[in-house]
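Everything below concerns the one structure shown next.
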Amino acid sequence: TRYYETAECFLFFSSRLLRTAADASLHARLAPLLRERILERAGAPGDALALSMRVLAGAVVGVRMERDLATLLPMQCEDGGWDLSWVYKQGSSDIKIGNRGLTTVLALNAITALESQPQIVL
């Protein structure tokens with residue numbers, strides 16, 4: 001988009017809305033659409049932040065993004081964190097905003113979310 005580096009930013013923030021809103025009508029309308037869009041992005045290339053956001057968004061709508069988590073794990077740096085990823089850009093300029101701490105926290109949350117999500121065997 002014009003302001004966010006990846007589609008996963010939109011998916012992630014939409015999933016946070018679903019997770020925190022106590023509106024059944026919103027859930028009924030948004031959850032199936034969000035699930036479809038997340039599944040479309042499954043396995044797409046991405047940096048650590050995009051993969052983390054995708055795994056977390058999937059967890060909210062009951063989708064286990066195991067392949068994306070498997071791609072994320074080897075990106076971990078020797079010091080335990082993950083590299084800086086860009087989350088925001090200033091309109092049409094080339095100025096990008098990112099934060100290594102945000103990337104690391106979301107990666108850790110993604111690992112935790114997938115570990116605590118029930119595994120459904122089909």
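Of the candidates 63, 55, the single residue that is within 18 Å of residue 115 (Cβ to Cβ), part of a loop (DSSP other than H, G, I, E, B) and in contact with a helix residue (DSSP H, G or I) (Cβ under 6 Å, 6 or more places away or on another chain) is 63.
Taken residue by residue, the stretch 76-86 has no member that is under 23 Å from residue 21 (Cβ atoms) and either surrounded by 13 or more Cβ atoms within 10 Å (Cβ to Cβ) or touching a strand residue (DSSP E or B) at 6+ places or on another chain (Cβ under 7 Å) (or both). Considering only residues of the stretch 1-42 that are outside any helix (DSSP H, G or I) and open to solvent by less than 50 Å² (accessible area, probe 1.4 Å), which is modelled with the lowest pLDDT? Filtering first and then ranking leaves 6. None of 87, 105, 121 is part of a loop (DSSP other than H, G, I, E, B) and either of a type outside the set (Gly, Ala, Ser) or modelled with pLDDT under 95 (or both) except 121. In the stretch 95-122, the residues that are over 14 Å from residue 68 (Cβ atoms) and open to solvent by less than 20 Å² (accessible area, probe 1.4 Å) reach residues that are modelled with pLDDT of 95 or more and aromatic (Phe, Trp, Tyr) with C-beta atoms within less than 6 angstrom, at least six apart or across chains, in these pairs: 103/82.
The values are calculated or read from the model by the stated rules, or taken from the named source; none is laboratory data. Bear in mind the structure is a predicted one, so any value in this text is a computation, not a measurement. Ideal geometry is used to build each Cβ from the backbone, glycine not excepted, and the neighbour counts take in all protein chains shown. Just the protein is used for accessible areas: all its heavy atoms, side chains included, with ligands, DNA and RNA removed. Shrake-Rupley method; radii C 1.70, N 1.55, O 1.52, S 1.80 Å.
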